[in-house]
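Every number here is computed from the coordinates shown, using simple stated rules; none is lab data. As the structure is a prediction and not an experimental result, all values here were calculated from the model. Using ideal geometry, Cβ is built from the backbone for each residue, glycine included, and neighbour counts are taken over all protein chains shown.
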Amino acid sequence: MADTEEENFQSQIDEIEALSSIYGDDWCVIDEAARIFCIQVSNTLDHPEWTLCLQVILPPEYPAAAPPLYQLNAPWLRGEDRMTISNNLEEIYLQNLGENILYQWVEKIREFLEKKSKTSTPDVFTAPSSKAMTEETEADDDDIASSSELFNDLLTCSAIDGAFDALEGVSKDVPSVVHGDPFTDRRSTFQAHLAPVNNPGQVKEVLNKLYENKKIASATHNIYAYRIYSKKTNTFIQDCEDDGETAAGKRLLHLMQILDVRDVMVVVSRWYGGILLGPDRFKHINNCARNILVEHHYTNSAEDSGKHAGKNRNHTKENKKRIEH
């Protein structure tokens, strides 16, 4: 190990020991060798109403030169709330470059949950997605990934967010968004949205732009995944989000990996119609995603993707479809 790596590793050990002492049973070691940890955060220790699970991976460069990779999990956590928390965590990181920040992250999330408990009730907030959650449980329990599988997926499907933007100096121009044709089955409607993205910060911008549309913001689920190719490291930055549709984001990302797409984000909105679809819902989500990727020429081989990148973006701008209200 280089001196800096040794210092980072020792700093991580000290931080984990402190957090374990502070939070007790709420702090969980998932894989010590892989530096994967999890903490359950609640608005209060006595009678918790709002709870969120923060899962983190500590890369070798943390804390000196990189943020922790993280994922936020809660049945009630959706677009605007997720974006607010992510922005708060990013701000803490950027204000404390090179320092340990996990304690600040946890307490910031707790502060958010405390404010949430004063303005909302869990039953009211989760009502829109509870029907779909019931559907998933009754229709196909075998399709729900085990906890160990989900934690393993963190290694390749972790939220990196906009913190890397500051490290690489990339721009945050809002990409143009196109919308696929809506598809309806038994009163549930599915619609895909696509945007070219070159950095995680643009992912947040795309989500913000989509949520400005009241119809999209009111969807029961907005599942998304993205893949960004980094020429510097010859690796992919990728992430996925279920938004309450268990394992749907993972399946969507897997589809994008099979198609070898890059520098693109796909969001699939689902408006639940009250009739159980079972496993068909996953088929519809992936079909909508595949159709829009094919339509906008993102399914070319890796060898051709660079040649068609500019064409993709021009094609995207020229083929916008309006969402029907």
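Things to note:
- Using a cut-off of 30 Å between Cα atoms, the listed pairs Lys116/Lys231; Lys108/Lys214; Lys108/Lys283; Lys116/Lys283; Lys204/Lys250; Lys116/Lys209 include Lys116/Lys231; Lys108/Lys283; Lys116/Lys283 as exceeding that distance.
- Each Lys or Arg adds one and each Asp or Glu subtracts one; over the other residues with Cβ under 12 Å from the Cβ of Tyr62, this totals -4.
- Stretching Thr184 away from Asn287 to a fully extended chain increases their span by 35.9 nm, per 0.36 nm per residue minus the current alpha-carbon distance.
- Computed from the alpha carbon positions, the gyration tensor of region 201-289 leads to an equivalent ellipsoid with semi-axes of 24, 17, 9 Å, biggest first.
- Label-point separation, Cys53 to Glu99 (7 Å along Cα→Cβ), nm: 3.1
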